[in-house]
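For reference, the structure discussed in these notes is given below.
The values are calculated or read from the model by the stated rules, or taken from the named source; none is laboratory data. This one's a predicted model, so the numbers in the text were calculated from it and none came from an experiment. With ideal geometry, Cβ positions are generated from the backbone for all residues, glycine too; neighbour counts draw on all protein chains shown. With ligands, DNA and RNA removed, areas are computed over all heavy atoms of the protein, side chains included. Shrake-Rupley method; radii C 1.70, N 1.55, O 1.52, S 1.80 Å.
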Amino acid sequence: MVKYNHQSVEKKWQAYWENNQSFKADNFSEKPKFYALDMFPYPSGAGLHVGHPLGYTATDIICRKKRQQGYEVLHPMGWDAFGLPAENYAIKTGVHPSVSTHDNIKNFRRQIQSLGFSYDWNREVDTTNPQYFKWSQWIFLQLYKKGLAYEKSMDMNWCSKCKVVCANEEVERGRHERCGEMVSKKELKQWMFRITDYAERLLNDLDELPEWPDKIKVMQKHWIGKKTGINIDYFVEGIKEAITCFTTRPDTNFGATFLVLAPEQGFIKNHLNKFPNKEAVEMYIKESLAKSDIERMSEGRKKTGVFTGLYVLNRLNNKKIPLYVGDFVLANVGTGAVIGVPGHDLRDFEFAQIFAIEVERVVVSSDGDVSSIVRPEQVQEEEGKMINSEFLNGLEIMEAKERIMDYFEKKGWGKRVVNYKLRDWIFTRQRYWGEPIPLVHCEKCGVVPVPESELPLELPETPNYEPSETGESPLSKVTDWVNTTCPKCGAPAKRETSTMPNWAGSSWYWLRFMDPHNKKEFCSKKAEEFWGPVDLYVGGAEHAVLHLLYSRFWHKVFYDLGLVHTKEPFKKLVNQGLILSFAYENKDGVLIPIDEVEEKNGKFYHKEKKEEVFRIVAKMSKSLKNVVNPDEIVREYGADTLRMYEMFMGPFEQSKTWDSGAVAGMRKFLDRVWRFFQANKFDENTDKTLLPIIHKTIKIVSDHIDEFRFNTAISQLMVCFNELQKNSKMGQKEAESLVLLISPFAPHLAEEIWNKYLGHEETLVFANWPIYDESLLVENNVTYAIQINGKVRGDFQIDKETKKEVVIAHAKRIERVQKYLEAGEIVKEIFVPGKIVGFVVK
RNA sequence: GCUCGGGUGGUGGAAUUGGUAGACACGCAAGACUUAAAAUCUUGUGACCUUAACAGUCGUGCGGGUUCAAUUCCCGCCCCGAGCACCA
């Protein structure tokens with residue numbers, strides 16, 4: 001017996017694949033195409049995490065199977081390499097980001113290649129390479145020329161730790177998603193993209209993505225946040241300017257008893273002098289604007305506000321209602337002004353309680369309560385019939401809503417509108433390590449795009465990468481770069497010094513992979529028509545509304561420009577689950593690094609303090625020392641073991657916990673497979689009794705790979721080999737089928753067996769994927785379970801063709817069954833073909 | 001608070017048109033081989049009760065319901081995870 005030497009075998013086949021260009025994808029193939037894409041990684045200094053190979057292995061399995069099924073497969077890999085870590089490292093050490101990025105890429109490439117993925121490395125891209133970002137800049141100019149980019153000065157999300165502006169999508173619960181720092185507001189001038197122009201299509205086209213997880217579609221839907229309602233104008237006596245309120249519930253408008261403006265609302269600025277309570281209002285606004293987001297959030301739902309002294313007219317019932325300023329009304333939601341209906345909106349009710357504003361009931365819900373509304377539980381927002389609302393009385397709220405909107409529009413008091421939560425994409429950043437924005441500011445001509453012939457516009461060298469507190473890019477200090485001439489008039493001009501966000505490179509990279517060496521176009525029409533759209537896209541769910549929304553937006557712009565032929569970039573999307581690791585905490589919840597913990601009789605103790613600690617599951621982190629390094633697994637057990645273990649851990653989309661013991665178990669299985677092929681000769685005909693299990697395995701493995709159920713595909717392979725250990729009389733054809741079934745999971749081992757024990761000179765990369773014979777799937781005998789009153793009381797085997805009556809009669813003759821049948825009378829007989837015989841006995 | 005997922009042995013997980021719950025694996029235990037260990041192979045392994053053996057009772061987060069039959073369907077709760085969050 002020769003032991004399986006994973007180190008030499010894996011090296012050998014990786015070299016073979018590379019020398020033979022086995023995975024090179026052909027843009028002009030006659031075969032049907034299949035394009036599988038992994039979310040390309042940011043090459044961090046920490047190296048590959050075991051979470052990366054999870055997704056990469058899944059796509060690789062699919063790709064290897066597709067190749068064997070006769071597809072031309074595009075499976076590329078690259079680097080999303082612009083980003084803050086490299087830049088922060090540069091600030092600390094003075095090392096140019098391109099140097100550390102290059103080193104990190106080298107390490108990532110080595111690690112990824114050690115796992116034997118079938119990538120076409122000829123197509124590798126790097127977003128920081130000028131030959132790549134030339135086209136990112138070119139795309140920016142296309143959007144600019146189409147009027148989708150504009151410069152605007154407004155309150156931006158500002159991260160004072162990273163010293164950078166963030167997009168709304170990058171703010172999580174008021175914090176910067178990268179670093180966790182609270183985001184503040186800073187008035188800055190930035191370049192924006194009109195993603196809101198595409199809101200409707202980004203929303204509607206989700207319906208054209210049946211192969212996307214519902215979860216992601218729901219999240220995008222919420223993020224876009226489409227709301228239909230009406231803008232109603234209200235007037236203060238003596239002031240011409242209207243206060244416009246957006247509402248989705250105009251049906252309750254007869255119950256309006258106040259109006260609240262956001263502190264930042266323009267009406268206040270314009271007419272503050274006419275406010276009787278001017279001083280109080282000014283003071284309140286000053287206070288609330290000084291509040292940080294932390295303070296606002298910690299106040300929770302507690303409402304504050306101030307009466308302006310003014311009244312507005314509700315023209316529906318000619319009532320004068322008080323005008324307030326309150327910071328629970330957000331300036332950037334709707335119109336920044338809210339009509340208060342305390343009877344049927346909980347927030348309005350809370351506000352009304354504090355200021356002792358009257359509450360009117362205009363809806364009676366199905367509980368029939370018609371009493372005056374004094375408790376929050378009585379605030380009915382969902383359903384009911386109208387009362388106290390004149391011509392609306394008796395109508396259901398949805399009907400009333402339509403009726404009153406017609407009325408408002410007819411009177412000219414309001415206008416139906418659609419509002420979106422989505423806001424325009426803040427695109428520029430004030431940092432060094434990103435694509436320079438290809439624009440020039442000329443005193444005469446204004447903003448002038450850099451001519452396409454001058455792209456790429458490369459980053460200048462600078463001794464100082466430090467960003468500034470005031471939102472100035474480090475590029476602004478490189479004066480000989482900033483000072484240029486206007487491409488239009490030749491006069492002295494200044495370059496735009498902001499850079500693009502790290503989302504830029506990833507918002508179109510799937511197109512570059514189709515045609516990565518094209519010097520004339522970002523991607524040729526022909527290549528795009530052949531490869532597009534991406535058939536399968538695999539990656540983490542953390543990009544649900546960031547990368548995936550931006551990519552869809554750009555792709556739609558490309559579609560409008562005639563650059564791509566599909567509306568959507570990614571046909572099928574699958575999200576992998578997180579890989580977690582064990583960690584320990586003591587009874588006070590203090591986390592303990594794993595190397596300070598020892599196990600005794602199934603319990604865990606702190607080595608020095610001797611106190612008992614408890615095992616928990618946590619994200620892998622340096623401080624807990626529970627990070628698993630893929631290099632070590634590859635060295636000790638081999639790439640095939642790592643690949644198979646990660647696929648076997650559990651359902652692909654679910655979070656899983658790393659278990660080192662189970663890794664060794666997977667290696668044991670591969671050793672068993674190796675020994676099986678080494679120990680047997682395959683020159684006879686296969687034993688007929690083995691055919692059902694082999695064909696069943698072909699079917700299950702094939703189906704489950706397509707369904708991303710890799711764990712059950714592998715368990716079927718195990719079941720099959722367990723069976724074969726009892727009877728191994730097998731011919732060449734069946735032996736080949738089994739090796740091919742394993743090959744997508746453990747390609748190195750499979751190639752070695754294919755070559756060494758099955759006598760093939762050629763690689764199995766293009767061997768035909770096995771096909772099962774339907775007639776061989778079923779065994780001749782089936783097992784019937786006998787149920788009496790629903791409880792299983794025995795079973796028996798019988799020929800699968802046996803008729804119902806015969807099966808039932810057979811069941812009745814079984815001794816153990818008779819015991820139960822004699823206890824009463826059979827009132828019902830149940831027969832499920834091939835499965836169940838049941839009796840109901842009374 | 002709202003919106004999506006989930007709760008199955010000591011552990012990871014199988015069982016998705018209602019039909020033998022616990023496949024497959026990890027762990028554990030016993031045995032074979034060995035001077036010994038590792039490796040490998042064999043057997044057992046949900047709980048309870050009982051046994052010479054068969055058998056029996058309970059069991060898929062909790063409480064109800066539908067059904068001959070429920071992890072699966074319905075109603076009402078509890079817990080965990082993710083996302084959104086004063087969105088008018």
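Scanning the range A:517-569 for residues that are within 16 Å of RNA strand B (Cβ to nearest atom) and over 18 Å from A:GLN142 (Cα atoms) gives A:GLY539, A:GLY540, A:ALA541, A:GLU542, A:HIS543, A:ALA544, A:VAL545, A:LEU546, A:HIS547, A:LEU548, A:LEU549. A:ARG635 meets the conditions (1) more than 27 Å from A:GLY759 (Cα to Cα); (2) under 33 Å from the mean Cα position of the chain (by Cα); (3) within 15 Å of RNA strand B (Cβ to nearest atom) in every case but one. The failed one is (3). Selection of the range A:365-396 for residues being open to solvent by less than 50 Å² (accessible area, probe 1.4 Å), at pLDDT below 90 and not acidic (Asp, Glu) yields A:SER365, A:GLY368, A:GLN378, A:VAL379, A:GLN380, A:GLY384.
Kindly establish whether A:LEU749 is in contact with a Gly (Cβ under 9 Å, 6 or more places away or on another chain) and either open to solvent by less than 20 Å² (accessible area, probe 1.4 Å) or not in a helix (DSSP H, G or I) (or both).
Yes; evaluated as a whole, the condition is true for this residue.
Please work out if A:SER506 is part of a helix (DSSP H, G or I), closer than 16 Å to A:TRP79 by Cβ, hydroxyl-bearing (Ser, Thr, Tyr) and in contact with a helix residue (DSSP H, G or I) (Cβ under 9 Å, 6 or more places away or on another chain). Here the answer is yes, as A:SER506 does meet what is asked.
Restricting the range A:458-497 to residues that are assigned to a helix (DSSP H, G or I) and open to solvent by 80 Å² or more (accessible area, probe 1.4 Å), the residue that is nearest to A:ARG429 (Cα to Cα) is A:LYS477.
Every residue, every condition in (1) in contact (Cβ under 8 Å) with a residue 24 or more places away in the chain; (2) outside any loop (DSSP other than H, G, I, E, B), yes or no:
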{"residue": "A:ALA785", "(1), (2)": "yes, yes"}
{"residue": "A:VAL792", "(1), (2)": "no, yes"}
{"residue": "A:PHE796", "(1), (2)": "no, yes"}
{"residue": "A:GLU805", "(1), (2)": "no, yes"}
{"residue": "A:ALA809", "(1), (2)": "no, yes"}
{"residue": "A:VAL827", "(1), (2)": "no, yes"}
{"residue": "A:PHE831", "(1), (2)": "yes, yes"}
{"residue": "A:GLY834", "(1), (2)": "yes, no"}
{"residue": "A:PHE839", "(1), (2)": "yes, yes"}
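A:PRO438 satisfies every condition listed in (1) at pLDDT 95 or above; (2) open to solvent by 10 Å² or more (accessible area, probe 1.4 Å); (3) under 16 Å from A:GLN131 (Cα atoms); (4) not acidic (Asp, Glu) except (2). Restricting the search to helices (runs of 4 or more DSSP H) fully inside the range A:2-108 and requiring at least 2 residues that are open to solvent by 60 Å² or more (accessible area, probe 1.4 Å) and in contact (Cβ under 8 Å) with a residue 60 or more places away in the chain gives A:6-19.
Could you check the range A:650-684 and list, in sequence order, the residues that are near RNA strand B (Cβ under 7 Å from one of its atoms), in a loop (DSSP other than H, G, I, E, B) and farther than 16 Å from A:GLN716 by Cβ? Hits for the range A:650-684 are A:GLN654, A:SER655, A:ASP659.
Every condition in (1) outside any loop (DSSP other than H, G, I, E, B); (2) within 13 Å of RNA strand B (Cβ to nearest atom); (3) of a type outside the set (A, V, I, L, M, F, W, C) holds for A:GLY589 except the one numbered (1). Selection of the range A:526-567 for residues being assigned to a helix (DSSP H, G or I), touching a residue at least 40 places away in the same chain (Cβ under 8 Å) and farther than 25 Å from A:ARG423 by Cα yields A:LYS526, A:ALA527, A:PHE530, A:TRP531. State whether the residues of the range A:548-555 include one that is within 28 Å of A:PRO651 (Cβ to Cβ), more than 25 Å from the chain's Cα centre (by Cα) and open to solvent by less than 10 Å² (accessible area, probe 1.4 Å). No, because not a single residue in the range A:548-555 is within 28 Å of A:PRO651 (Cβ to Cβ), more than 25 Å from the chain's Cα centre (by Cα) and open to solvent by less than 10 Å² (accessible area, probe 1.4 Å). Residue selection: A:GLU458 fails the criterion of being touching a Gly at 6+ places or on another chain (Cβ under 8 Å), closer than 23 Å to A:TYR144 by Cα, modelled with pLDDT of 95 or more and of a type in the set (D, E, K, R). Only residues that are acidic (Asp, Glu), touching a residue at least 12 places away in the same chain (Cβ under 8 Å) and within 21 Å of A:LYS571 (Cβ to Cβ) were counted in the range A:192-247, giving 3.
Can you find a residue in the range A:321-339 that is at pLDDT 95 or above and over 28 Å from A:TYR420 (Cβ atoms)? Yes: one or more hits. The residues in the range A:247-285 that are within 14 Å of RNA strand B (Cβ to nearest atom), within 21 Å of A:GLU409 (Cα to Cα) and crowded, with 17+ Cβ neighbours inside 10 Å can be counted, and the count is 9. Of all the numbered requirements in (1) within 11 Å of RNA strand B (Cβ to nearest atom); (2) in a helix (DSSP H, G or I); (3) not polar (S, T, N, Q), A:HIS344 misses one, and that requirement is (2).
Does A:VAL370 fit the bill of being within 13 Å of RNA strand B (Cβ to nearest atom) and either among the hydrophobic types (A, V, I, L, M, F, W, C) or within 18 Å of A:CYS245 (Cβ to Cβ) (or both)? Here the answer is no, as A:VAL370 does not meet what is asked.
Applying the criterion of being more than 9 Å from RNA strand B (Cβ to nearest atom) and aromatic (Phe, Trp, Tyr) to the residues of the range A:212-246, the residue that is surrounded by the fewest Cβ atoms within 10 Å (Cβ to Cβ) is A:PHE235.
Taking every residue in the range A:594-623 that is closer than 17 Å to A:SER660 by Cβ and open to solvent by less than 50 Å² (accessible area, probe 1.4 Å) and pairing it with any residue that is modelled with pLDDT of 80 or more and of a type in the set (Asp, Glu), at least 6 positions away or on another chain, the pairs with Cβ-Cβ distances below 6 Å are A:ILE616/A:GLU585.
For the range A:792-810, the candidate set comprises residues that are of a type in the set (D, E, K, R) and within 15 Å of RNA strand B (Cβ to nearest atom); within that set, the residue that is surrounded by the most Cβ atoms within 10 Å (Cβ to Cβ) is A:ARG793.
Please determine, by comparing only the residues of the range A:758-786 that are among the polar types (S, T, N, Q) and more than 16 Å from RNA strand B (Cβ to nearest atom), which one is least open to solvent (accessible area, probe 1.4 Å). Taking the candidates together, the pick is A:THR763.
Restricting A:ASN789, A:ASN755 to residues that are polar (S, T, N, Q) and away from RNA strand B (no atom under 16 Å from the Cβ) narrows the list to A:ASN755.
Checked across the range A:711-728, the condition of being within 15 Å of RNA strand B (Cβ to nearest atom), outside any helix (DSSP H, G or I) and either charged (D, E, K, R) or open to solvent by less than 20 Å² (accessible area, probe 1.4 Å) (or both) holds for at least one residue. Annotation: A:ALA337 fulfils all but one of (1) within 12 Å of RNA strand B (Cβ to nearest atom); (2) in contact (Cβ under 8 Å) with a residue 40 or more places away in the chain; (3) over 30 Å from A:MET283 (Cα atoms); the unmet one is (3). Of the residues making up the range A:663-690, just one is small (Gly, Ala, Ser) and modelled with pLDDT under 90, namely A:ALA679. Do the conditions hold for A:GLU299, that is, is it within 16 Å of RNA strand B (Cβ to nearest atom) and without any contact (Cβ under 8 Å) to a residue 24 or more places away in the chain? Answer is yes for this residue.
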